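Nothing in this text is a laboratory measurement; each read-out follows from the coordinates by a stated rule. Values in this document were obtained by computation on a predicted structure and should not be read as measured data. Counting neighbours? That spans all protein chains shown, and the Cβs are built from the backbone with ideal geometry, glycine included.
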Amino acid sequence: MAAAGLPVVVLLALSLAATCVVMAQAPPAVASAVRPAPATPPARTPDPATPATASIRLSEGQIGETGPGGSIIYPSVTSCLTVTVRLRDGGKIGAHASLFQVPGEYRSDRILTAVKQRIGARVVRAVEVRGAVGAWDPSYFTKAIESYAEGEQVPVPTAPDPNGLARVVGNTLRVPPAKVTVEDLPDGDQRVD
């Protein structure tokens, strides 16, 4: 009877050992270097970037960085705005700002501050804002739609305001307005090379 149970015990021991090895392995590396923020305002500074030349994909509410020669892909830009900061060294920092917060990601009124922290002391060559320009009131970058109390009037854009968006983005990132361009480019994926 003891000999008959031995194969089962060996099999269980091998399975347990394999499970422990798998659990001890580090999680897979993410090429995007995206650091999701908590649902509440981020109290931390984003980790220093590790730029890569690979393409990164930034979904709503995410920020990330790629080095010289890399690309940023922003999927499904319908009511969103994307903000791409071109650095002097050829690297890019990107942010995919959403009208409504995606759980666990940056809110619209927190995302530019996180981008500014990611820029640090590096020199900015240009900033490109693209997406659903007509859906965005510039104030959404300073007070997110979710932060309005019940019954409080949320500003609704009556016309596209590219100059207002450029002004808010430039002021928050501390970039001269002449370096900020705004383009109405909704409804689809965006790729920035």
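In this label model, Arg86 and Ser147 are separated by 3.0 nm, measuring between points 7 Å along each Cα→Cβ vector. Net charge around Gln101, counting only other residues with Cβ within less than 11 Å of its Cβ (Lys, Arg = +1; Asp, Glu = -1)? Net local charge, Gln101 excluded: -2. For segment 141-171, applying the loop criterion from DSSP together with a ceiling of 16 other beta carbons within 10 Å to the GluC sites (Glu not before Pro) yields Glu150, Glu152.
List the equivalent ellipsoid semi-axes of segment 78-193 in whole Å, largest first, each obtained as the square root of 5λ for an eigenvalue λ of the Cα gyration tensor. Show your work: numbers first, answer last.
On the way: eigenvalues 105, 46, 38 Å².
Calculated on Cα positions only, the semi-axes equal 23, 15, 14 Å.
Label reach from Ala54 (point 7 Å along Cα→C-beta): in segment 108-123, no amide nitrogen lies under 14 Å. For segment 147-193, the average shadow cast by the Cα convex hull is 5.4 nm², which is a quarter of the hull's surface. A crude spin-label estimate for the pair Arg167 and Asp193, with each label 7 Å from Cα along the Cβ direction, gives 3.6 nm.
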